[in-house]
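*Asks:* Got a structure here, written out as structure tokens. Questions coming.
Here, each number is a calculation from the coordinates, and none is a lab measurement. What you are looking at is a predicted structure, and each value in this text was computed from that prediction instead of being measured. When we count neighbours, we look across all protein chains shown, and the Cβ atoms used for this are built from the backbone with ideal geometry, even at glycine.
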Amino acid sequence: MKTNGARFLENLGIGFELGTYEVDLDDLSAVNVAQKIGLPPEQVFKTLVATSGPSEYLFAVIPGDAEIDFKKLARAAGVRSVEMVHLKEVQPLTGYVRGGVTVFGAKKNFPVFVDETIILFNKIAVSAGARGVQLLLAPDDYLRAAAAQTADLVKDPQPAEPESPYAYNAAAAKSHGARKSQ
């Protein structure tokens, strides 16, 4: 299936593979897509559309299992703040529907910011411009074709909260109680 994203890369002479999967309209997440195409979620990048003000838009491309950090994105873009565009605005702005958004062949060329972890992989997957189709290509080729800038764009993982020594542990209490009754 030729998509706008695939045609865009072909016109630039950039090699890629197409990966297809069955679309689940109840779960369009990049984590679900990763599972279906057999890649780890951090290797499947999702494309988000954000705004920094009236008529000011940009793409943020982050690993499928990560959450965008709007302060980091704003810093990378050199703007005061950013927020996600409303879902109803995505298709009019990009020409693509949720679950099929790509920077390649979008209606307008907005600035593209990609999480710096993209360079950790030999190959990444991004939407080809249609639900059910992924482009698999080298990160350097993606960055060049997208005219993208890399930056740290994702929220830092939250450390697990240490368990309080005073927290009630039902299993330990039950075990302790069982020993007492013997």
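*Asks:* Quick one: Karplus J couplings for region 101-114, per residue in order, coefficients 6.51, -1.76, 1.60, θ = phi - 60°, nearest Hz, x for Gly and Pro?
*Replies:* 7, 9, 6, 7, x, 5, 4, 10, 8, 7, x, 10, 10, 10
*Asks:* Once label points are set 7 Å from the Cα along Cα→Cβ at both GLU17 and GLN149, what is their separation, rounded to one decimal in nm?
*Replies:* So the label points at GLU17 and GLN149 sit 3.3 nm apart.
*Asks:* Here's a follow-up. Which value in deg cm²/dmol, rounded to the nearest 500, describes the helix-derived mean residue ellipticity at 222 nm for the chain, given -39,500 (n - 2.57) per DSSP H run of n ≥ 4 and division by the residue count?
*Replies:* About -8000 deg cm²/dmol.
*Asks:* Once amide H atoms are placed 1.01 Å from N in the peptide plane, what residues at a sequence separation of 5 or more from LYS46, or on another chain, have their amide H within under 5 Å of its amide H?
*Replies:* Under 5 Å from the amide H of LYS46 lie the amide H atoms of ILE62, GLY64, each far enough along the sequence or on another chain.
*Asks:* Next up: Along the Cα→Cβ direction, 7 angstrom out, place labels at LYS71 and LYS123. What is the inter-label distance in nm?
*Replies:* Between LYS71 and LYS123, the simple spin-label model gives 3.8 nm.
*Asks:* Gain in length, MET84 to ASP27, computed as 0.36 nm per residue apart minus the alpha-carbon separation, to one decimal in nm?
*Replies:* Answer, rounded to one decimal: 18.6 nm.
*Asks:* Could I ask something else about it? Projecting each Cα onto the charge dipole of the chain (Lys/Arg +1, Asp/Glu -1 at the beta carbon, about the Cα centre), which of LEU58, MET84, PRO41 comes out farthest on the positive side?
*Replies:* Selected residue: MET84.
*Asks:* Take the chain, connect every pair of alpha-carbon atoms lying under 10 Å apart with a spring to form a Gaussian network, then pick out the residue of TYR57, TYR21, TYR142 with the largest mean-square fluctuation.
*Replies:* Judging by the Gaussian network model, the answer is TYR21.
*Asks:* In debye, nearest 20, what is the charge dipole magnitude of region 32-126 about its Cα centre with +1 on Lys and Arg Cβ and -1 on Asp and Glu Cβ, if you could check?
*Replies:* Around 240 debye, computed over region 32-126.
*Asks:* I've got another one for you. Name the residues whose placed amide hydrogens come within less than 5 Å of the amide hydrogen of ASP69, ignoring near sequence neighbours (fewer than 5 apart) on the same chain.
*Replies:* VAL154, LYS155
*Asks:* With +1 on each Lys and Arg Cβ and -1 on each Asp and Glu Cβ, and nothing else charged, work out how big the dipole of the chain is about its Cα centre, in Debye to the nearest 20. Can you show the working numbers first?
*Replies:* Working: 19 positive and 21 negative charges, 49 e Å.
For this selection, approximately 240 debye.
*Asks:* A follow-up question, please. Specify the residue with the greatest mean-square fluctuation among GLY99, GLY129, GLY53, computed from a Gaussian network of the chain linking alpha-carbon atoms under 10 Å apart.
*Replies:* Highest fluctuation among the options: GLY53.
*Asks:* Continuing with the same structure: Rounded to the nearest 0.05, what FRET efficiency is calculated for GLN91 and ALA138 with R0 set to 25 Å and r the Cβ-Cβ distance?
*Replies:* After rounding to 0.05, the efficiency reads 0.30.
*Asks:* Using a 10 angstrom cutoff on alpha carbons, build the Gaussian network for the chain and name the most mobile of PHE121, PHE45, PHE16.
*Replies:* Of the options given, PHE121 has the highest mean-square fluctuation.
*Asks:* While we're looking at this one, here's another question. Which ³J(HN,Hα) values, rounded to whole Hz and listed in residue order, are derived for region 148-157 from phi using the Karplus coefficients 6.51, -1.76 and 1.60 in 6.51 cos²θ - 1.76 cosθ + 1.60 with θ = phi - 60°, glycine and proline given as x?
*Replies:* Result, rounded to whole Hz: 8, 10, 9, 6, 6, 10, 10, 5, 5, x.
*Asks:* A further question on this structure: Quick one: net charge around VAL31, please, counting Lys, Arg +1 and Asp, Glu -1 for every other residue with C-beta under 12 Å from its C-beta.
*Replies:* Result for the local shell: -3.
*Asks:* Roughly what % antiparallel, to the nearest 5, for the DSSP beta bridges in region 13-165?
*Replies:* About 75 percent, rounded to the nearest 5.
*Asks:* Identify all lysines with a Cα-Cα distance to LYS123 below 27 Å; exclude those on the same chain that are fewer than 8 residues away in sequence.
*Replies:* The qualifying lysines are LYS2, LYS36, LYS46, LYS72, LYS107, LYS108, LYS155.
*Asks:* Another question, then. ³J(HN,Hα) across region 36-41 via Karplus (A = 6.51, B = -1.76, C = 1.60, θ = phi - 60°), whole Hz, x for Gly/Pro?
*Replies:* After applying 6.51 cos²θ - 1.76 cosθ + 1.60, I find 6, 9, x, 10, x, x Hz.
*Asks:* Give the whole-number value, in cubic angstrom per residue, of the convex hull volume spanned by the C-alpha atoms of the chain.
*Replies:* 175 Å³
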